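What follows draws every value from the coordinates through simple rules; no lab data is involved. As the structure is a computational prediction, the values presented were derived from the model and not from experiment. Here the Cβ is made from the backbone with ideal geometry for all residues, glycine too, and neighbour counts use every protein chain on show.
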């Protein structure tokens, strides 16, 4: 029997019982749609994190005080700090040819006031390099000035949200504000760059490092971000930093250097695994659809018993009957998969409209795997009924028994 | 030519053995017109099923055009069924969602013939049973007689050696039964072996060779 004829024959049967076909297709397409949509969401979450990391800057190395312990103890980001990470340590990093630039970071929270308005915001003490490394831009004025830490002027750069709250429609640059009773002059306002890892870049104050240290009464840095000279300099840069700090800390390895790539790769792995997991869970609904196919095919076999007997009398072999029924199952799952993809496409489109910031997009593998899994379940669950049909005794089948 | 040698068919019903056919020995030459009559349960249908390869004899051998069919595999038997045997059933057995033409083309479709050749063969056969006008009608739009003629067209489209008709007029009124029998006899005149199983003595009596069966045996074979 020719393939076209086999498929046409199956299509005729499918058309013959529209309600049953509709219900079956509904189950199948819900299964396929959920696989495609959930993997789209997972993939979008992954892309979102990757984008966020890329927005941090390029060729980044992050130096944290404290060593990451691999055997028990606290997790890496919360390692204990036997020795402070100081501004001198940070300065020393530039001795390595692999390190282009660095910015020390001191972080704290403090009340910021102007006239009678006061806000509690995050204060970041850093240097001029920070803006360059993080690729920040100012909307008004300029970022912190370069120069000696000792002679750093009492100036600050504020985020857009904070500017609105403290100054409203008035000009902020040139105005004075108080942070914890210390006076600072506003020299710049950051361009609105939205969120970065849940930190609102609008609700911040940047001050020169020594002033932040004085504000929070500390000598140690929260961390140092350094920029490697290029992609190939990331690994040697990491080794160089460890080396320099060890030398300065009397032979102790008491800092942790994280590369942006390593973090990125880790998140990438985690989120990929997550995506596969949710897609797998969604695939359970496909299996349910498969069982439904089996059920419907079994009913169909018993309803069409005389027809099967007739086909045998007309010279259809067991294999032909098997193929006829399997192709019907395959056809059903294919149509189900197609409508499922259509539903998923509309769903993703709708979500994309609702959350434009979220980079929604369906990976090609999601479509492919959904279709393949749908076909496999359809055919897999179709085998049993098809076998039953092919083995019917023609004499009994013709009489409808 | 068809030859049955010592065919036995034993059914097992619970613990009991039912001897449906006992030592059947029959030969049919090309162009023969045979009727098989007998009371219910005499083995007529079983004999027909064995001749049509729908059932396997418990013992004995079946030669069709000199080839022993009993020892063939299922797939080979399906081939023989398709090419050499035509069935006409009492209840027509047309597929209701297919048109008359599609029903008739079914054996050709199963044989994998391309649509163009199929169409011309179907046209010829439709003409020979006088249903050219009804080609695109579905079975439920046809009268009983017309349905049976469609079934006959389907049975003969592969130009089989033997045509097996099981009560072909059983569901028809007198006049359409008459026309169906005439179509069958016309095919027989062209050389096909026509074998009619019937209760109706009028129809059985028209055959040149009349076989009577009782209790799985041939009681009369009237040449």
Given points 7 Å out from each Cα along the Cα-Cβ axis, report the residue A:8 to residue A:150 separation in nanometres with one decimal. 9.5
Using a Förster distance of 45 Å, how high is the FRET efficiency between residue A:22 and residue B:133, based on the Cβ-Cβ distance and rounded to 0.05? 0.80
With the convex hull built on the Cα atoms of region A:118-164, state its orientation-averaged projected area in nm². 4.0
Please identify, among B:110, B:184, B:47, the residue showing maximal mean-square fluctuation in a Gaussian network model of chain B using a 10 angstrom Cα cutoff. B:110
What is the distance, in nm, between label points placed 7 Å from the Cα along the Cα-to-Cβ direction at residue A:351 and at residue B:173? 6.6
Here the whole-number average of other chain Cβ atoms within 10 Å per Cβ of A:385-394 is 1
Only residues of region B:39-60 count here: report those whose backbone N is under 14 Å from the spot 7 Å along Cα→Cβ of residue B:70, or say none. B:50-51, B:53, B:55-60
Could you give the distance between the Cα centres of region A:208-276 and region A:1-58, to the whole Å? 43
Measuring from label point to label point, each 7 Å out along Cα→Cβ, what is the residue A:365 to residue B:22 span in nm? 7.3
Using only the alpha-carbon atoms, how far is helix A:3-16 inclined from the longest principal axis of chain A? Give it as 0 to 90 degrees, nearest 10. 90
In a Debye calculation with equal point scatterers on the alpha-carbon sites of the protein assembly as shown and no solvent, what is log10 I(q)/I(0) at q = 0.08 Å⁻¹? -0.71
Give the whole-number value, in cubic angstrom per residue, of the convex hull volume spanned by the C-alpha atoms of chain B. 129
With angles folded into 0 to 90 degrees, how steeply does helix A:18-55 sit against the dominant principal axis of chain A? Use alpha carbons for both and round to 10. 20
What FRET efficiency do you get for residue A:229 and residue A:55 if R0 is 22 Å and r is their Cβ-Cβ distance, rounded to the nearest 0.05? 0.60
Between residue A:250 and residue A:91, what is 0.36 nm times their sequence separation minus the Cα-Cα distance? Round to one decimal in nm. 55.5 nm
What is the list of residues in region A:102-138 whose amide nitrogen lies under 11 Å from a point 7 angstrom out from the Cα of residue A:216, following Cα to Cβ? A:105-110, A:122-126
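Based on other C-beta atoms within 10 Å, arrange B:27, A:209 from fewest to most.
Lowest count first: B:27, A:209.
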Could you please tell me the mean projected area of the C-alpha convex hull for region A:169-255, averaged over all directions and given in square nanometres to one decimal? 8.7
Return, ordered by residue number, the residues of region B:22-41 whose backbone nitrogen is under 14 Å from a label point located 7 Å along Cα→Cβ of residue B:220. B:35-39
Computed over chain A: longest principal axis from alpha-carbon atoms vs helix A:234-248 long axis, angle to nearest 10 degrees, is 40
Please work out the Cα center distance from region B:105-168 to region A:97-171, rounded to the nearest Å. 90
Can you tell me, using C-alpha contacts under 8 Å and at least 6 residues apart, the relative contact order of chain A as a whole percent? 29
So what are the three principal axis dimensions of region A:264-401 from its Cα atoms, in whole Å, longest to shortest? 67, 29, 20
Sort A:170, A:132, B:208, A:304 so that the residue with the fewest other Cβ atoms within 10 Å of its own Cβ comes first and the one with the most comes last. A:170, B:208, A:132, A:304
For region A:103-224, compute Rh as the Kirkwood radius over C-alpha pairs and then the Stokes-Einstein diffusion coefficient at 37 °C and 0.692 mPa s; write the answer in µm²/s, rounded to an integer. 233
Can you give the FRET efficiency for residue B:120 and residue A:284, using 1/(1 + (r/R0)^6), R0 = 45 Å, r = Cβ-Cβ distance, to the nearest 0.05? 0.30
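Let a ≥ b ≥ c be the square roots of the eigenvalues of the Cα gyration tensor of region B:135-211; is it rounded (a/c under 1.5), or, if not, prolate (a/b larger than b/c) or oblate?
It is oblate, given that a/c is not under 1.5 and a/b is not larger than b/c.
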Springs between alpha-carbon atoms under 10 Å, Gaussian network over chain A: tell me which of A:370, A:357, A:330 tops the mean-square fluctuations. A:357
Using only alpha carbon pairs under 8 Å that are at least six residues apart, calculate the relative contact order of region B:2-222 and give it in whole percent. 31
Assertion target for B:92, A:216, ordered by fewest C-beta neighbours within 10 angstrom first, is A:216, B:92
